[in-house]
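Down below is the structure, laid out as structure tokens.
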Amino acid sequence: MTHTYKVTGMTCNGCRTSVEKTLNEVDGVLSAEVNLEKEIATVEMNSHVDVEIFQKALGAKYTITLTNEESNFSASKISEEIETKSKLQQLKPLLLIFLYITAAALLLNYKEWTIQQTMFDFMGLFYIVFSFFKLLDLKGFPTSFRMYDPLAKVVPVYGWIYPFLELALGLMFLMRFELNIALVTTLIILGITTIGVVKTLLDKKTIRCACLGTALKLPMTEATFIENAIMIAMALFMLLM
């Protein structure tokens, strides 16, 4: 069953991600999605959860109430429309970014093309671009990231450090500085994240992917796993060469 609620008290995207994370952690909730502009939370649950339970979980900062039947019907229709979109449509922004990064890496090396140099440039550009999107909403990203990254769940400060770590790795690859360290670090941080992604996919949870921060609304899908797997495969290939 799916219900929609009016949530007031949210002032920024960080508030939205915090509310969304809290609602997703309530027992009985399968998935929760919050719209900051409309102040609406769409919650799918396997059994009815009283609104008082949601209010207790959110605390005094936010107020959550049931919407009227008309609003509930409208929000459900919007949710259904989103669900009917194909995975390709949902992941179009991510695929376009990959296409641009690939094209840029090839163009940087078109005069004296080597697979090694092209891969270094691809990995550097990948980290630079993805860190940029995360830094657009540095307050909101850690909350979204903690929803599936195992290390960020245990050590919350890791979510704040992660965008800067990606930025540093991007510069290291592009400047060809301490490449072995950058490759090993890539294996570690993306390996940890991939474990969380796989667990999320196996549990069939519907959560938002934080790979592009909170600026773009991307669902957690197999493409997220493939994205990490490509970088891990590249790092292994470069270390073994």
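Computed values, structure above
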| item | result |
| --- | --- |
| Over 22 Å between alpha carbons, listed pairs K56/K199; K6/K61; K21/K204; K38/K139; K21/K139; K61/K139 | K56/K199 |
| Helix axis angle, 92-108 relative to the chain longest principal axis, alpha carbon, degrees | 10 degrees |
| Apportionment of accessible area to carbon and sulfur, the chain, percent (1.4 Å) | 64 percent |
| Relative packing of 124-131, 181-188, which averages over residues the other C-beta atoms within 10 Å, highest first | 124-131, 181-188 |
| Accessible area of H3 in the full protein assembly, 1.4 Å probe (Å², nearest 10) | 50 Å² |
| Pair L96, N35: separation of 7 Å Cα→Cβ label points (nm) | 2.2 nm |
| Between region 167-211 and region 1-53, the alpha-carbon center distance in angstrom | 28 Å |
| Where labels lie 7 Å past Cα in the beta-carbon direction, separation of E44 and V198 in nm | 2.4 nm |
| Nearest 10 degrees, 0 to 90: helix 222-240 Cα axis against the chain principal axis | 20 degrees |
| Cα centre as origin, Lys/Arg/Asp/Glu Cβ charges: the chain dipole, Debye | 380 debye |
| Degrees separating the helix 115-135 axis from the principal Cα axis of the chain, which is the longest one | 30 degrees |
| Label-reachable residues, region 19-44, where backbone N falls under 15 Å from a point 7 Å from Q89's Cα toward its Cβ | none |
| For the chain, calculated [θ]222 nm from helices alone, where every DSSP H run of n ≥ 4 adds -39500 (n - 2.57) | -20000 deg cm²/dmol |
| Mean Cβ neighbour count within 10 Å, used as a protection proxy, ranking 145-153, 19-27 highest first | 145-153, 19-27 |
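The values are calculated or read from the model by the stated rules, or taken from the named source; none is laboratory data. Computed from a predicted structure; not experimentally measured. FYI the Cβ positions are ideal-geometry reconstructions off the backbone, even for glycines, and counts take in every protein chain you see. Keep in mind that these areas ignore ligands, DNA and RNA; they rest on the heavy atoms of the full protein, side chains included. Shrake-Rupley method; radii C 1.70, N 1.55, O 1.52, S 1.80 Å.
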